[in-house]
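First the structure, in the form of structure tokens, and then the observations on it.
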Amino acid sequence: MHLSRIAQILGGKATLKTELHSQMDLMELGQRGVSKKALLRLASYLRLSVGEISELLPVTERTIQRYMPADLFRADVSDHILHIAEVAARGEEVFGRKDKFLAWMTQPSAALGNRTPEELLSSRIGAELVLDELGRIEHGIIA
């Protein structure tokens, strides 16, 4: 799995205050809460503004702005942040380069109902659809 890449995207041990060795560690991090600093690292990685990343999450831009860097989001928001980070890590792995992955994220896909992968990240099911599509791309199955 790409847990170490997920951790790097979110700022590493210094930001997460833990290491990710297993899916259980990822789940526990989600339950404890992901910090604003880690969210901002994810937004930067995806080249999204705070407003754009807030549109993908169950939290308002104003709430994000009010948080201090070390403040933790509640479990549902944290879980969603981690799922988006998982998509980012998987996408970089499949495409081999961050810039290729980010370009793909903004292109409408017939396999995704002519929506962009980025649009679908606003729900857990949508993020799963994006992960499924990345798996098909990895295996050369083009819809």
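For this structure, a couple of remarks:
- Over region 26-81, relative contact order from alpha-carbon pairs under 8 Å, at least 6 apart, %: 57
- The alpha-carbon atoms of region 17-80 define a convex hull whose volume equals 81 cubic angstrom per residue.
- In the chain, the alpha-carbon atoms span a convex hull of 97 Å³ per residue.
- Charges were assigned to the Cβ only: +1 to each Lys and Arg, -1 to each Asp and Glu. The resulting dipole of region 14-141 about its Cα centre is roughly 420 debye.
- Dipole orientation for the chain: of the candidates GLY135, GLY91, LEU20, LEU20 has the Cα lying most toward the positive pole (charges on Cβ; Lys, Arg +1; Asp, Glu -1).
- Estimated dipole of region 1-69 in Debye, rounded to 20 [Cβ of Lys and Arg +1, of Asp and Glu -1, Cα centre]: 240
- For LYS100, the lysines whose Cα falls under 26 Å of its own Cα, not counting residues fewer than eight places away in the same chain, are LYS37.
- Based on Cα contacts under 8 Å between residues 6+ apart, the chain shows a relative contact order of 22 percent.
- Residue-span extension gain [HIS21 to LYS98] - 0.36 nm each, minus C-alpha spacing: 25.4 nm
- Nearest-ten-degree value, helix 36-45 long axis tilted from longest Cα axis of the chain: 30
- Once the Cα atoms are used to define both axes, helix 124-138 deviates from the longest principal axis of the chain by about 50 degrees.
- Here the spin labels are modelled as points 7 Å beyond Cα on the Cα-Cβ line, and at ASP76 and ALA110 they lie 3.7 nm apart.
- Angle between the chain longest axis and helix 75-95 axis [Cα atoms, degrees, rounded to 10]: 40
Values quoted throughout were computed directly from the atomic coordinates according to the rules given, and no laboratory measurement underlies them. Quick caveat: nothing in here was measured; it's all calculated off a predicted structure. Please note: Cβ atoms are built from the backbone with ideal geometry, for glycine as well, and neighbour counts cover all protein chains shown.
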